[in-house]
Structure formats: C-alpha cells, structure tokens
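Asker: Provided herewith is a single structure, encoded as structure tokens, for subsequent inquiry.
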Amino acid sequence: MTESRFAPRIFSGIKPSGGLTLGNYLGAIKRFVEAQDRGGAETIFCVVDLHAITVWQDPAELRAATREVAAGFLAAGIDPERSILFNQSRVSAHAELGWIFNCVARLGWMNRMTQFKEKAGKNAEAQSLGLYAYPSLMAADILLYHATHVPVGEDQKQHVELTRDIAGKFNHDYGVDFFPLPEPVIEGPAMRVMNLRDGTRKMSKSGESDMERINMTDDAATIAKKFQKARTDAAPLPATVAELEGRPEARNLVEIYAALAGITPQAVLDRHGGAGWGAFKPALAELAVETLSPVSREMARLMADPTEIDRLLARGAERARALAQPILERTFDIVGLVRGG
C-alpha cells in the first residue's frame with residue numbers, strides 16, 4: 001500500500017506517435033476523465049513527446065501528433081483547470097531526474113523489460129539508447145510529482161513495477177523516505193482494444209490498413225463503416241463470456257461495446273446473446289457513433305486553433321513545474337549535487 005504521508009496524486013501520459021485510436025480513448029483517456037471527475041486525488045496528464053523520439057520522428061508530424069493528443073484529452077473531458085495537462089518536453093526536470101534514475105536503475109532490470117525486446121526484435125544493436133533506457137525516464141515522469149497512482153494498460157504494468165524498484169533503491173541507498181512507491185491502476189473493460197481485422201493483435205496507430213482501427217478523428221460515417229466491415233466468425237453471439245473463448249474477434253467487439261456502454265461484457269451478452277452479426281454490428285456502430293462523434297467533432301474544432309492548444313499546454317507546464325521543481329531540487333540535495341551560489 002502507498003505510504004500514507006504522500007497525498008493522493010495520479011499521473012499518466014500518452015505518447016504522440018501517430019494519431020489517437022479508440023484503444024487510446026477506451027484504455028486511457030476515458031479512464032483519465034473518470035479519475036478527474038471522481039476527485040479525491042490531484043490529476044496530472046502528460047503528452048510524453050520525449051518518449052516519442054526514442055524512435056525517429058518527422059518533426060512536423062511530431063508537432064501535429066502532440067497537439068492531436070492534447071486535443072483528444074481536452075475533447076474527451078479533461079479540464080485544464082481541474083487537472084494539469086502539458087507536454088513533457090516543456091518541463092526539463094523530467095530529463096534531469098531521468099538522468100539521476102539512469103544512475104540508480106540496474107542494467108539487469110533494464111534487460112528484463114519486455115517492451116524493448118518486442119520493439120527492437122532482432123535488430124536491437126541498431127536501436128537508440130533512448131529506446132533501451134526510456135523506462136527510467138518513465139519512472140522520472142511519475143516520481144517527479146510524487147505520484148501515488150498510475151493508470152496504465154496491462155502491458156505497461158512492468159514499467160510501474162520498475163518505477164517502484166527505482167524509488168525503493170533510491171530511498172534505501174540514500175537512507176531517506178523521499179519517493180513514494182506508486183501503484184498501477186488497471187481497471188474496467190476493454191483496457192486492451194484489439195485490431196478490427198485480427199482480434200489477436202492490439203489496435204495500433206501503426207497498422208498497415210486504416211480499416212484495422214477506429215481513429216479518434218474519424219467522422220460518423222467512417223466509424224460506422226469500419227465496424228460494419230470488422231472481421232467476425234460465422235457463429236452468433238453466445239449467452240456467456242466463457243463461450244467467447246477461442247473467438248478473438250467476437251470477444252473484441254463485445255468488449256468494445258461493453259466499454260462504450262459502461263457495462264460488463266456479460267451484460268452485453270444478456271442483451272444481445274443469440275443475435276447474428278447482421279444485428280449486432282449495426283447496434284455497435286450506432287453506439288460508437290453516438291459516443292465518439294462528439295469527441296471527434298470537438299477535437300477537430302480544437303485542432304483548427306493550434307495556438308490555443310499551445311497556450312493551454314504552456315499553462316499546464318507552468319503548473320507542472322511548480323510541483324516538480326521543489327522535488328527535483330530536494331533530489332539534487334539528497335544526492336549531493338552542489339546547487340545555488
């Protein structure tokens with residue numbers, strides 16, 4: 001359990017590499033809005049653009065993607081007055097604390113990180129040092145604000161566990177109780193939204209076909225068309241979730257419906273069990289359009305005024321720095337780095 005002396009504070013972020021998808025919305029942004037609206041904890045959300053450049057990015061595309069992610073946060077309901085919203089590179093303390101944590105983290109810990117192995121594949125020697133070491137920067141993102149809870153997908157849980165290891169080792173090595181041990185928060189249905197053409201693969205911004213994913217900038221007609229053409233099997237919807245075993249495309253569409261409607265997958269089957277895809281897909285498409293169209297319209301409005309997005313991100317960065325700088329300065333002091341004068 002997180003140490004009680006640390007005030008509840010939530011931190012999470014999204015990497016601006018390509019456009020936002022339904023997976024980002026259901027698995028992350030929707031949860032962030034719910035956390036903000038529940039109250040009880042300060043909420044800090046970040047567009048992690050420094051993480052994006054661990055692989056090469058076209059500069060113009062990176063700027064556009066950063067603003068698109070920010071627009072997605074805002075359009076979905078993140079209130080820049082109730083939450084802190086900013087892009088990571090505006091707060092240099094992230095990189096500064098990241099270096100200190102590079103010196104705390106152990107090589108063996110980094111070698112166990114599965115995401116690097118998955119992304120690098122057989123070409124690990126050609127990857128950037130940043131891609132290898134970015135989990136320690138992610139730890140800095142979280143601990144720079146003494147965050148106590150981190151909403152993540154299941155595939156990011158290992159990074160929060162590494163953050164706890166880094167915080168614990170820092171505290172032990174310097175004989176302090178300075179950094180909290182943050183808890184990963186994994187909750188709700190459809191946290192892992194899968195590909196519409198292959199239910200065994202995660203919905204991704206980098207997929208080969210645009211029909212594989214729902215983009216948050218898609219209009220109503222496109223959203224409906226993609227769900228109508230989503231891959232399925234021949235059998236109708238079953239009566240129970242257990243009967244979805246071995247039917248990845250069917251499970252994916254049921255879980256997407258559940259997440260959009262705010263109900264359980266079993267409740268979806270209670271409502272639609274026995275129906276064929278000719279009936280279920282239009283119902284899913286209608287629900288998706290009803291839920292997502294207002295967000296996509298607001299995103300389009302915001303993205304037409306990049307100056308306003310930049311202004312809001314700059315204001316968020318000011319608030320973030322006010323929290324981060326005292327924690328960074330105290331870290332320098334604990335480590336023994338000479339400051340001031």
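Asker: Work out the FRET efficiency for ALA60 and ASP37 from their Cβ-Cβ distance, taking R0 = 25 Å, and round it to the nearest 0.05.
Answerer: Result of the calculation: an efficiency of 0.10.
Asker: Run through the DSSP bridge list for the chain and note the antiparallel percent, rounded to the nearest 5. Show your work: numbers first, answer last.
Answerer: Working: 2 of 16 bridges.
Bridges in the chain that DSSP calls antiparallel: roughly 10 percent.
Asker: Apply 1/(1 + (r/R0)^6) to the Cβ-Cβ distance of GLN115 and ASP177, taking R0 = 45 Å, and write down the FRET efficiency to the nearest 0.05.
Answerer: 0.90
Asker: Next question. Under the rule of -39500 (n - 2.57) per DSSP H run of 4 or more residues, summed and divided by the residues of the chain, what mean residue ellipticity at 222 nm is obtained, to the nearest 500 deg cm²/dmol?
Answerer: It lands at -16500 deg cm²/dmol.
Asker: Given labels modelled 7 Å from the Cα in the Cβ direction, how far is it in nm from ARG315 to VAL335?
Answerer: Going from the ARG315 label point to the VAL335 one covers 3.3 nm.
Asker: Next question, about the same structure. Along each of its three principal axes, how wide is the spread of alpha-carbon positions in the chain, in whole angstrom units, largest first?
Answerer: Sorted largest first, the three principal extents are 72, 43, 43 Å.
Asker: Additional query: Could you grab the relative contact order for segment 1-123? Cα pairs under 8 Å, six or more apart, rounded to a whole percent.
Answerer: 29 percent
Asker: Two-decimal Rg/Rh of segment 210-301 from alpha-carbon positions, Kirkwood Rh?
Answerer: Over the Cα atoms of segment 210-301, Rg/Rh equals 0.98.
Asker: Along the Cα→Cβ direction, 7 angstrom out, place labels at MET211 and THR307. What is the inter-label distance in nm?
Answerer: With each label placed 7 Å out from Cα toward Cβ, I get 4.2 nm.
Asker: Separate question: What is the percent of Cα-Cα separations in segment 50-206 that go past 25 Å?
Answerer: 37 percent
Asker: Of the peptides 285-297, 51-63, how do they stack up when ordered by the mean number of other Cβ atoms within 10 Å, highest first?
Answerer: Ranking, from highest mean packing down: 285-297, 51-63.
Asker: Hey, could you get me the Stokes-Einstein D for segment 1-131, Kirkwood radius over alpha-carbon pairs, 10 °C and 1.306 mPa s, rounded to whole µm² s⁻¹?
Answerer: Diffusion coefficient, whole number: 96 µm²/s.
Asker: Return a whole-number percent for the relative contact order of the chain, with Cα pairs under 8 Å and 6 or more residues apart as the contact set.
Answerer: Details: 521 pairs, mean separation 76.7, N = 341.
Contact order relative to length: 22 percent.
Asker: First measure r as the distance between the Cβ atoms of LYS169 and ARG192, then evaluate 1/(1 + (r/R0)^6) with R0 = 25 Å and state the FRET efficiency to the nearest 0.05.
Answerer: On the way: r = 30 Å, r/R0 = 1.21.
So, using R0 = 25 Å, E works out to roughly 0.25.
Asker: Next up: Evaluate the relative contact order of segment 210-301 (contact order divided by residue number), counting alpha-carbon pairs under 8 angstrom at least 6 apart; express in whole percent.
Answerer: Numbers: 95 pairs, mean separation 37.0, N = 92.
Value for segment 210-301: 40 percent.
Asker: With a cap of 14 neighbouring Cβ atoms within 10 Å, and only residues DSSP puts in a loop, list the trypsin sites (Lys or Arg not before Pro) found in segment 73-132.
Answerer: Counting only loop positions with at most 14 other Cβ atoms within 10 Å, the trypsin sites (Lys or Arg not before Pro) in segment 73-132 are ARG82, ARG106, ARG112.
Asker: In terms of the Cα gyration tensor, with a ≥ b ≥ c the square roots of its eigenvalues, is segment 273-325 rounded because a/c is under 1.5, prolate because a/b exceeds b/c, or oblate?
Answerer: Details: a/c = 7.70, a/b = 2.59, b/c = 2.97.
Judged from the Cα gyration tensor, segment 273-325 comes out oblate (a/c at least 1.5, b/c at or above a/b).
Asker: May I ask you to compute the full-extension gain from ASP79 to GLN228, defined as 0.36 nm times their residue separation minus their alpha-carbon distance, rounded to one decimal in nm?
Answerer: 50.3 nm
Asker: Highest GNM mean-square fluctuation, the chain, Cα pairs closer than 10 Å: which of LEU107, LEU237, LEU328?
Answerer: Maximum among the listed residues: LEU107.
Readers should treat all values here as calculations from the given coordinates under stated rules, not as data from a laboratory. As the structure is a prediction and not an experimental result, all values here were calculated from the model. Please note: Cβ atoms are built from the backbone with ideal geometry, for glycine as well, and neighbour counts cover all protein chains shown.
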